[in-house]
């Protein structure tokens, strides 16, 4: 298996633009997680899905952030409009079962977002 | 507030020396405990995890961790560090089985010759 795939790996955009980050989880995994990593705040959970359904989005910082999972093999995290403080590395992770959150999460390589 | 604390932001060790990275948690009950490693430019990879039973847990890449309930700690150890171990290390907990991982701020490990 190729592991969790994220695209793009790097994104540079200007303030006010829409940004869409993409994730393909490991085939057969039912749970998907979006994290944000910054120097100041460390690794933060933004939202997670189980069987394509959002379970908890309490970590999403503002209404400018939205996430979807239209099918089991694809998820997007969208920021509209983007702001410089959104600059961070965004990770996607997947695991086999949400019911047992102790299952190992497999992380993608991340998308480094820079908002100018 | 409940939290996961990694007291050391950055540690430098010589290649071949032993290593111990500290992790403390402040939850009342025994959580599920994890150590992840993040190599430069990469995502996180699970090193080991503790749920119950033997408090000394063996992981990949020669790492081990020991759960000490009395100290609310789950320190990561390696007897002999290799240059390839240079990375960021994250301790994480799951407090209850239906709640997500909570990560510490991480400890960056540098290895010198």
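When region B:38-49 is filtered for residues that are in contact with a strand residue (DSSP E or B) (Cβ under 7 Å, 6 or more places away or on another chain) and either within 8 Å of chain A (Cβ to nearest Cβ) or surrounded by 21 or more Cβ atoms within 10 Å (Cβ to Cβ) (or both), the ones remaining, listed by number, are B:38, B:43, B:44, B:45, B:46, B:47, B:49. Listed by position, the strands (runs of 3 or more DSSP E) inside region A:1-75 whose residues that are over 24 Å from residue B:40 (Cβ atoms) number at least 3 are A:42-50, A:53-56, A:65-71. Inspect all residues belonging to region A:88-109 and state whether any of them is farther than 21 Å from residue A:3 by Cα, crowded, with 16+ Cβ neighbours inside 10 Å and touching a strand residue (DSSP E or B) at 6+ places or on another chain (Cβ under 7 Å). The answer is yes; a qualifying residue exists. Just one of the numbered conditions (1) in a loop (DSSP other than H, G, I, E, B); (2) at pLDDT 95 or above; (3) within 11 Å of chain B (Cβ to nearest Cβ) is not true of residue A:102: (2). Is it fair to say residue A:19 is surrounded by 15 or more Cβ atoms within 10 Å (Cβ to Cβ), in contact with a helix residue (DSSP H, G or I) (Cβ under 7 Å, 6 or more places away or on another chain), away from every other protein chain (no Cβ under 13 Å) and touching a residue at least 60 places away in the same chain (Cβ under 8 Å)? No. Restricting region A:45-54 to residues that are touching a strand residue (DSSP E or B) at 6+ places or on another chain (Cβ under 7 Å) and surrounded by fewer than 17 Cβ atoms within 10 Å (Cβ to Cβ), the residue that is nearest to residue B:90 (Cα to Cα) is A:54.
Within region A:66-90, residues that are within 20 Å of residue B:42 (Cα to Cα) sit with their Cβ atoms under 6 Å from residues that are part of a loop (DSSP other than H, G, I, E, B), at 6+ positions apart or across chains, in these pairs: A:89/A:110. Tallying residues that are within 14 Å of chain A (Cβ to nearest Cβ) and within 13 Å of the chain's Cα centre (by Cα) within region B:75-98 yields 7.
Scanning region A:76-87 for residues being in contact with a strand residue (DSSP E or B) (Cβ under 8 Å, 6 or more places away or on another chain) and assigned to a loop (DSSP other than H, G, I, E, B) gives a total of 4. The strands (runs of 3 or more DSSP E) found wholly in region B:1-47 and carrying at least 2 residues that are farther than 14 Å from residue B:65 by Cα and in contact (Cβ under 8 Å) with a residue 40 or more places away in the chain occupy B:10-14.
Could you tell me which of the residues A:58, A:27, A:73, A:31 is crowded, with 20+ Cβ neighbours inside 10 Å and more than 19 Å from residue B:91 (Cα to Cα)?
Result of the check over A:58, A:27, A:73, A:31: A:31.
Scan region B:99-113 for residues that are within 20 Å of residue A:34 (Cα to Cα) and either part of a strand (DSSP E or B) or within 10 Å of the chain's Cα centre (by Cα) (or both) and the total you get is 4. Filter region B:68-86 down to the residues that are surrounded by fewer than 20 Cβ atoms within 10 Å (Cβ to Cβ) and without any contact (Cβ under 8 Å) to a residue 60 or more places away in the chain and list them by number. Listed by number, the residues that qualify are B:68, B:69, B:70, B:71, B:72, B:73, B:75, B:77, B:84, B:86.
The values are calculated or read from the model by the stated rules, or taken from the named source; none is laboratory data. Given the structure is predicted, the values throughout are model-derived calculations rather than measurements. Glycine also receives a Cβ, built like all others from the backbone with ideal geometry; neighbour counts cover every protein chain displayed.
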